[in-house]
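Engineer: Got a structure here, written out as structure tokens. Questions coming.
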Amino acid sequence: MIDISPEQARTLAAIVTHGSFDAAAAHLSVTPSAVSQRIRALETAVGRPVLTRARPAGLTESGQAVVRFARQLELLSADLAEELQPEEPSGRTRLTLVINSDSLHTWALAGLAAASDNIQLEIVREDQEHSLDLLRAGAAAAAITATATPVPGCSSRKLGIMRYLPVCAPDFSRRWFDSGVSAAALATAPVLVYDRKDDLQDRWLRRFSRTPPQAPRHYVPAAQEFGDAIRWGMGWGMMPEIEIGEDLRNGTLEALTHGAHVDVALYWQQWRRGSAALTEVAGAVQAAARVLR
């Protein structure tokens, strides 16, 4: 059995949070030598390195597991304090969540608002395809992700499906697709892309050819502005169906082809050893996700 003390785990988390042994020592009010001794003892207990010796210090896979343990211990300690001394104000529990921009823009905030009275939330925006790195490293307690397989130490539950439609403004359609939407037209018509991690447009374009046409691209990395850019005719792009119902009804936007879409399954992954606060947030997010397919 591996015997890791909470003090050692908290010290490793402090090094990662503050970037160096010296900064961690200042935060913990101990000497840098004491920090080094704790990390050596931790690595002896684990039987392998927990840090990559770089600037800033990085975590090995074992180190990530220890930092998750440290963060979970903070949440469980807050729960215990609340249970043992309910009459004492213990302050709001802090939770860091990773949420993709489209979910945050369209449906997730309603759930988070419902759980925000007694919890302090830090929301980190990250693409649903890349959100697990922060969860794996222990920097976040939960994430909305497109990956069903749970990160080690985490559970995974399906939230639903976000459906994306390829849309553009009517004037844009008349300029670039007057003869119909074809591989040739898509090779010249400008396309809107959220950022360089966003492959939704290319995913849809692969239905026309194995290699997506290399049309001119505009990168607009903000959900509201991305939609506005499409409405203003800067290009076509993939937008969430739940966002654009009114646009399609009143003719502000139109679909490039009838019935065309890309579905993205979303999952809620969180630390398996949760807390009352994390359970509350998870329930609120899952309730809000009922609007998904």
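The values are calculated or read from the model by the stated rules, or taken from the named source; none is laboratory data. Remember, it's a predicted structure, so these values are computed and weren't measured experimentally. Cβ coordinates were reconstructed from backbone atoms using ideal geometry, including for glycine residues, and neighbour counts include every protein chain displayed. Please note that ligands, DNA and RNA were not included when accessible areas were found on the heavy atoms of the full protein model with its side chains. Shrake-Rupley method; radii C 1.70, N 1.55, O 1.52, S 1.80 Å.
Engineer: Go through segment 92-116 and count every residue that is farther than 22 Å from R71 by Cβ and either over 17 Å from the mean Cα position of the chain (by Cα) or at pLDDT below 85 (or both).
Structural biologist: Residues meeting the conditions: 2.
Engineer: Select from segment 173-182 the residues that are small (G, A, S) and over 16 Å from L192 (Cα atoms) and write down the one among them that is least open to solvent (accessible area, probe 1.4 Å).
Structural biologist: Filtering first and then ranking leaves G180.
Engineer: May I pose another question? In segment 118-159, which residues are modelled with pLDDT of 85 or more, closer than 22 Å to V291 by Cβ and part of a loop (DSSP other than H, G, I, E, B)?
Structural biologist: Passing the criteria: A146, T147, A148.
Engineer: Residue under question is H218, and the condition is that it be over 27 Å from A143 (Cα atoms), free of Cβ contacts under 8 Å to residues at least 60 places away in the same chain and out of contact with any strand residue (DSSP E or B) (no Cβ under 6 Å at 6 or more places or on another chain); does it hold?
Structural biologist: So H218 fails the test.
Engineer: Right, here's the next one. Given the criteria in a strand (DSSP E or B) and at pLDDT below 95, does Q270 qualify?
Structural biologist: In short, yes.
Engineer: Moving to a separate point now. Which of the residues belonging to segment 65-89 are open to solvent by 40 Å² or more (accessible area, probe 1.4 Å) and either under 15 Å from H18 (Cβ atoms) or at pLDDT 75 or above (or both)?
Structural biologist: Those that are open to solvent by 40 Å² or more (accessible area, probe 1.4 Å) and either under 15 Å from H18 (Cβ atoms) or at pLDDT 75 or above (or both): A65, F69, R71, E74.
Engineer: Also, I was wondering about something else. Please go through (1) at pLDDT below 90; (2) over 21 Å from the mean Cα position of the chain (by Cα); (3) open to solvent by less than 50 Å² (accessible area, probe 1.4 Å) for P170 and return the number of the only condition it doesn't satisfy.
Structural biologist: The failed condition is (1).
Yes or no, residue by residue, for (1) in a loop (DSSP other than H, G, I, E, B); (2) in contact with a helix residue (DSSP H, G or I) (Cβ under 6 Å, 6 or more places away or on another chain):
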position	(1), (2)
D198	yes, no
A229	no, no
G233	yes, yes
G237	no, yes
L266	no, no
Q286	no, no
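Engineer: Which condition from (1) free of Cβ contacts under 8 Å to residues at least 40 places away in the same chain; (2) closer than 28 Å to V291 by Cβ; (3) among the hydroxyl-bearing types (S, T, Y) is the one that S182 breaks?
Structural biologist: With (1) free of Cβ contacts under 8 Å to residues at least 40 places away in the same chain; (2) closer than 28 Å to V291 by Cβ; (3) among the hydroxyl-bearing types (S, T, Y) applied to S182, the lone miss is (2).
Engineer: Output the number of residues of segment 210-244 satisfying the condition of being at pLDDT below 95 and farther than 26 Å from A184 by Cβ.
Structural biologist: Here the count works out to 4.
Engineer: Given the criterion on the phi < 0 side of the Ramachandran plot, surrounded by fewer than 20 Cβ atoms within 10 Å (Cβ to Cβ) and part of a loop (DSSP other than H, G, I, E, B), identify the matching residue among R249, R210, R203.
Structural biologist: The unique qualifying residue is R210.
Engineer: Out of Q270, Q286, which single residue is touching a Leu at 6+ places or on another chain (Cβ under 7 Å), over 24 Å from Y164 (Cα atoms) and either surrounded by 15 or more Cβ atoms within 10 Å (Cβ to Cβ) or small (G, A, S) (or both)? Step through it out loud before you land on a result.
Structural biologist: Working: Q286 fails: over 24 Å from Y164 (Cα atoms).
So the residue among Q270, Q286 that is touching a Leu at 6+ places or on another chain (Cβ under 7 Å), over 24 Å from Y164 (Cα atoms) and either surrounded by 15 or more Cβ atoms within 10 Å (Cβ to Cβ) or small (G, A, S) (or both) is Q270.
Engineer: Further question on the same structure: Name the residues in segment 1-10 that are open to solvent by less than 40 Å² (accessible area, probe 1.4 Å) and among the aliphatic types (A, V, I, L, M), would you?
Structural biologist: Correct list: A9 only.
Engineer: Taking segment 221-244 only, how many residues are without any contact (Cβ under 8 Å) to a residue 24 or more places away in the chain and open to solvent by 60 Å² or more (accessible area, probe 1.4 Å)? Give the derivation first.
Structural biologist: If we filter segment 221-244 for residues that are without any contact (Cβ under 8 Å) to a residue 24 or more places away in the chain, which is where we start, we get 225, 227-228.
After this cut, where a residue has to be open to solvent by 60 Å² or more (accessible area, probe 1.4 Å) as well, the list is 225.
Count: 1.
Engineer: So, of the residues in segment 11-57 that are of a type in the set (S, T, Y) and surrounded by fewer than 17 Cβ atoms within 10 Å (Cβ to Cβ), which turns out to be nearest to T96 (Cα to Cα)?
Structural biologist: So the first thing to find is which residues in segment 11-57 are of a type in the set (S, T, Y), and the list is 11, 17, 20, 29, 31, 33, 36, 44, 52.
Okay, now just the ones that are also surrounded by fewer than 17 Cβ atoms within 10 Å (Cβ to Cβ), so 17, 20, 29, 31, 33, 36, 44, 52.
On the way: T17: 13, S20: 21, S29: 25, T31: 29, S33: 30, S36: 28, T44: 30, T52: 24 Å.
Looking at residues that are of a type in the set (S, T, Y) and surrounded by fewer than 17 Cβ atoms within 10 Å (Cβ to Cβ), I get T17.
Engineer: Now, a different point. Working only within segment 21-53, note down all residues that are of a type in the set (G, A, S), outside any helix (DSSP H, G or I) and more than 16 Å from Q64 (Cα to Cα). Spell out how you get there, then give the answer.
Structural biologist: The first filter runs over segment 21-53 and keeps only residues of a type in the set (G, A, S), leaving 23-26, 29, 33-34, 36, 41, 45, 47.
Subsequent filtering for residues that are outside any helix (DSSP H, G or I) retains 29, 47.
The answer is S29, and nothing else.
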